Amino acid sequence: MLTQISTWMKDFTSQNTAIAEDETKLARTVAALLVEAAMADGDIDEIEYAHIQHMLVTQLDLSTDDANAMLDESVASHEDRIEIHSLTRHIRNDTDAADRSVILEMVWMVVLADGNLDVHESQLMRRLAGLLFFDDVESGLAAQRARQRLGLA
């Protein structure tokens, strides 16, 4: 299922290296949203950072260098961000429900990476599900899939 977004993100050229500008913008948005989720409990730890970096490489087909640069940029811009509506608006407008579901699952994987669901993370996930037009049941299913992928189920 997570390969759906990967397939959608990658612009397959003869060299398999080009990513369209819109796809890069979406990748930056997803990276920023993942960082926001990691920082919901006040800090991004090594486990969360590694999970985000891994997902950017494996799910969004970014090179390791591009993923690291995008992740560092997202962490640096976190302090200036006062809302997540602009991030979710872009995702809502430019992806279908299946891709949004994959993104929601990715965010769940970040907040569950340390094995704990903090009160602030729980609140963020409820708000995020609504902003991405998912109800509690759909969000719960995404959380369950994330737990299974992380070996927490």
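The figures follow:
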item	result
The chain, helix-only ellipticity at 222 nm - DSSP H runs n ≥ 4, -39,500 (n - 2.57), divided by all residues, nearest 500	-22500 deg cm²/dmol
Whole-number Å³ per residue for the convex hull built on Cα positions in segment 62-115	113 Å³
Counted charge near Ala97, where neighbours are those whose Cβ lies closer than 14 Å (Asp, Glu -1; Lys, Arg +1)	-4
Tail fraction, Cα-Cα pairs, segment 10-153, threshold 27 Å, whole percent	15 percent
Residue range of the chain that is longest and free of GluC sites (Glu not before Pro) which are both DSSP loop and sparsely packed (at most 13 other C-beta within 10 Å)	1-78
Angle in degrees between helix 97-111 and the longest Cα principal axis of the chain, rounded to the nearest 10	60 degrees
Rounded tilt (10° steps) of 119-131 against the dominant C-alpha axis of the chain	60 degrees
Neighbourhood charge, 9 Å Cβ-Cβ cut-off, centred on Ala113 and excluding it, Lys, Arg +1 and Asp, Glu -1	-3
Along the chain, longest interval not containing exposed chymotrypsin sites (Phe, Trp or Tyr not before Pro), exposed being DSSP loop plus at most 16 other Cβ atoms within 10 Å	13-132
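Bear in mind that the values in this text are calculations on the coordinates, not laboratory data. Note that the structure is predicted; figures quoted are calculated from it, not measured. No Cβ is skipped: glycine too gets one built from the backbone with ideal geometry, and neighbour counts run over all protein chains shown.
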